[in-house]
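Chemist: Input: one structure, supplied below.
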Amino acid sequence: MSKDLRLEKILEEIRLGNNKVIKQVYQENRAGFISWACKHFQQKEEQVNELYHECFLVFVDNLRKGKLTTLSCKISTYLAGVSKLLRKEEFRNKKREKSSTKDDIFWENNEAIVVDTSVLDHYENEHRKKAVRSLLKKISPSCQKLLTLIFYKNYQLPEIVEIMEYSDERVVRKRKSVCLKQLREIARPFEDKLH
């Protein structure tokens with residue numbers, strides 16, 4: 001069985017709540033993570049042991065909730081990424097705790113402000129970007145260039161008219177529509193990878 005198929009099978013078993021597989025994956029990745037994290041975060045084993053447990057819980061939770069559907073890296077790499085995000089979140093929270101009373105009053109008076117602190121947004125966004133980049137390679141070079149100018153480089157229509165040497169902005173809008181339709185048709189079989 002190939003590594004990719006084996007990994008997909010493991011992820012599916014975890015999704016289904018197979019405790020034997022969950023325990024096995026937990027044990028297989030623990031020692032390597034502890035060794036890496038002790039060096040990376042310059043902390044003692046007891047501290048990173050708790051971090052590993054948190055990271056693994058996030059991993060399993062994301063699989064069960066459908067936030068993580070496929071994995072384009074090793075489980076150990078994913079856990080390391082989660083640990084970095086958890087550490088950043090922990091650091092941010094400590095900074096907030098040390099904030100002045102004025103900051104506390106500001107936040108109390110502005111309850112409507114929502115702060116998104118999801119630890120895996122970064123990973124999921126990178127995963128989506130990678131999938132979109134690979135799909136872009138499957139459309140015509142002129143569509144690739146146009147969509148890159150619009151969505152990645154945030155060029156305005158007059159700038160695109162000049163760069164792409166179109167007659168006017170209507171042509172840009174029409175080409176954009178055609179290119180997006182082309183991209184959607186190619187992306188349809190890969191929709192699950194984009195979510």
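The values are calculated or read from the model by the stated rules, or taken from the named source; none is laboratory data. What you are looking at is a predicted structure, and each value in this text was computed from that prediction instead of being measured.
Chemist: Answer yes if at least one residue in region 135-143 is within 30 Å of G81 (Cα to Cα) and assigned to a helix (DSSP H, G or I), and no otherwise.
Modeler: Yes, because at least one residue in region 135-143 is within 30 Å of G81 (Cα to Cα) and assigned to a helix (DSSP H, G or I).
Chemist: Are there helices (runs of 4 or more DSSP H) fully within region 19-134 with at least 3 residues that are modelled with pLDDT of 85 or more and within 25 Å of the chain's Cα centre (by Cα)? List them.
Modeler: So the answer is 19-41, 45-65, 75-97.
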